[in-house]
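Notes to accompany the following structure.
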Amino acid sequence: SFRQQIPKGLKRLSGPRGYPLIGNVLELGSNPHLTLTQMSQKYGDVMQIQIGTRPVLVLSGLDTIKQALVKQGEDFMGRPDLYSFHNVGDGQSLAFSTDSGEVWRARRKLAQNALKTFSVSPSPNSSSICLLEEHVSKEADYLVRKFLQLMEEKKRFDPYRYVVVSVANVICAMCFGKRYDHDDQELLSIVNVTDQFGDVAASGNTADFIPVLQYLPNSTMKKFIEFNKRFLRLLQDIVKEHYESFEKDNIRDITDSLIEQSQENKVEANANIQLPKEKIVNLVNDLFGAGFDTVTTALSWSLMYLVTYPDIQKKIQEELDQTIGRERRPRLSDRPMLPYTEAFILEMFRHSSFMPFTIPHCTTKDTVLNGYYIPKDLCVFVNQWQVNHDEKLWKEPSKFDPERFLHAGGTEVNKADGEKVLVFGLGKRKCIGETIARWEVFLFLTTLLQQLEFSISDGEKVDITPKYGLTMKHKRQPKVEGVGTTHVLKVT
Ligand code: HEM
């Protein structure tokens with residue numbers, strides 16, 4: 001028999017019976033986050049499914065996920081060897097490659113440090129508290145002006161297309177010291193089609209599990225490969241320019257700082273780890289790639305909820321008026337004074353759960369979880385959507401209600417509840433951009449809502465059904481209208 005021997009006293013993983021060759025592919029369907037949530041109700045927090053002939057461990061339940069990713073973090077911190085991931089960043093990605101040992105650890109540290117220096121560290125020669133605040137304030141102001149101009153010219157427009165360039169400009173400023181125009185075709189050809197990436201990189205892409213599919217004509221996979229090539233080419237050109245104008249006494253941005261690190265090879269703590277130059281400098285690919293699509297998606301969902309629930313939008317604006325007024329722009333330091341706004345952002349993350357799964361993990365050794373025997377090199381999906389809609393944690397999970405995060409009286413956010421929302425992963429592979437992302441969403445949103453009101457035409461409805469992917473998007477809304485506070489932006 002092929003059935004593996006299970007050490008005595010441990011349970012064998014169970015899950016739905018699969019068909020020969022395809023396993024549970026048909027049951028997964030087009031919304032794996034929903035079907036796997038349903039299956040977990042029958043088979044539990046630790047279940048095994050089969051995609052093609054390959055077994056996959058699916059984790060649900062906040063406590064179980066914490067046990068695996070935090071308490072047994074070393075055992076679960078690997079990345080599986082998936083065909084599609086070979087195409088990301090030339091197979092050298094920090095986030096998607098199979099590196100999980102010392103090389104990954106050293107690179108992750110370098111990326112974190114470079115990111116911090118050019119975002120949240122105190123800014124010595126600027127009126128802003130840090131570079132992140134400076135960049136976001138500037139881009140959010142441009143965005144307000146762009147929206148007003150579009151309103152005058154067209155009355156209706158797709159906000160996504162403009163939000164994505166503004167958000168990309170923030171990470172561009174930090175990574176490359178550069179910004180793009182809202183009509184830059186090269187940038188638009190990448191940032192506007194990120195679904196070509198997310199459709200394939202999502203958990204459960206069948207071509208990763210049924211090898212024969214890689215050899216059949218597959219337009220989604222083809223687009224994915226093309227997307228990664230275009231992306232790499234754009235960044236390689238920028239990095240080349242940086243090498244040519246590099247001066248070690250004038251470190252301008254994250255790319256410069258990584259070039260400097262690669263030349264001095266001053267990887268502290270682990271002097272015995274020699275990283276090839278490219279493996280340092282190309283970290284900028286991961287930062288840029290992870291930095292714009294996620295935050296754009298968060299803002300875009302925020303706008304959809306705001307037009308769907310005008311009363312909630314009004315409450316945020318009242319809070320802004322009372323706390324900040326209209327004489328000055330919002331700042332990062334205003335965040336603790338705006339509990340309702342904070343609760344709205346938490347509810348947007350929870351309700352949309354737009355990253356339904358983390359990036360897939362894999363086990364680094366044989367281990368045990370909740371009494372189940374789990375072999376080494378097993379691919380692991382972490383169902384964040386399930387946690388955020390778990391009836392054991394949330395009252396009426398399908399209802400959009402920011403107030404669920406406020407203490408009675410509404411003057412303070414319930415921190416413990418906020419920490420139950422799972423969108424950035426947990427443990428060793430946890431997102432390294434979490435702080436930046438939360439600050440960015442806060443500052444973009446408050447700057448927009450201080451000056452603009454978003455709405456849909458009477459009688460129209462927005463479709464907020466998400467489409468499955470690594471980051472789930474709602475339908476693009478081709479027609480948006482608007483005015484400023486003073487005006488109203490209409491999304492139809
Ligand atoms: C990884 C979410 C923004 C950089 C991740 C993961 C998630 C996530 C779920 C995978 C965790 C895992 O595999 O367990 C988000 C969300 C964001 C966001 C929801 C915005 C709302 C950012 C930003 C940056 C960033 C702004 C950088 C500028 C990264 C990197 C990784 C990562 C480099 C890979 C870490 C590793 O594999 O070691 N993020 N992220 N993210 N994120 Fe984010």
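Here, each number is a calculation from the coordinates, and none is a lab measurement. These numbers were taken from a predicted model, which means no experiment stands behind them. Cβ placement follows ideal geometry from the backbone for every residue including glycine, while neighbour counts extend to all protein chains displayed.
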### Query
If you place +1 on the Cβ of every Lys and Arg and -1 on the Cβ of every Asp and Glu, how big does the dipole about the Cα centre of the chain come out, in debye to the nearest 20?
1340 debye
### Query
Stretch Ser219-Asn370 to full length: gain in nm at 0.36 nm per residue minus the Cα-Cα span?
50.3 nm
### Message
Just to check I understand the Karplus step: with θ = phi - 60° and J = 6.51 cos²θ - 1.76 cosθ + 1.60, what whole-Hz values come out for the stretch 222-230, glycine and proline as x?
### Response
4, 4, 4, 5, 4, 4, 5, 5, 4
### Query
Calculated FRET efficiency, Thr117 and Ser333, Cβ-Cβ r, R0 22 Å, to nearest 0.05?
0.60
### Length released on extending from Leu21 to Lys71, taking residue separation times 0.36 nm less the Cα-Cα span
14.5 nm
## Note on the structure
The long-range amide H neighbours of Arg54, using H built 1.01 Å from N in the peptide plane and a cut-off of under 5 Å, are none
### Task
With unit charges on the beta carbon (Lys/Arg positive, Asp/Glu negative), name the residue among Gly418, Thr367, His389 whose Cα is farthest towards the positive pole of the charge dipole of the stretch 362-433.
Thr367
### Total charge dipole magnitude, the stretch 182-252, about the Cα centre, Cβ charges on Lys, Arg, Asp, Glu only, Debye to nearest 20
300 debye
### Task
Please list the non-local residues whose amide H lies under 5 Å from the amide H of Phe454, H modeled 1.01 Å from N, same-chain partners needing a gap of 5 or more.
Leu489
## Note on the structure
One finds, for Tyr142 and Gln236 with R0 = 22 angstrom and r their Cβ-Cβ distance, a FRET efficiency to the nearest 0.05 of 0.20
### Query
Quick one: what does P(r) look like for the stretch 242-394 with 10 Å bins over all Cα pairs, in whole %?
8, 20, 23, 25, 19, 4, 0
#### Entry: Interchain or long-range residues, amide H under 5 Å from Leu406's placed H
Asn414
### Summary
Length gained if Tyr180 through Ser398 is fully extended, taking 0.36 nm per residue and subtracting the Cα-Cα distance, is 74.6 nm
### Query
Where both partners of a DSSP beta bridge lie in the chain, what percent of those bridges are antiparallel, to the nearest 5?
75 percent
### Query
If packing is taken as the mean number of other Cβ atoms within 10 Å per residue, what is the order of 74-82, 377-385, highest first?
377-385, 74-82
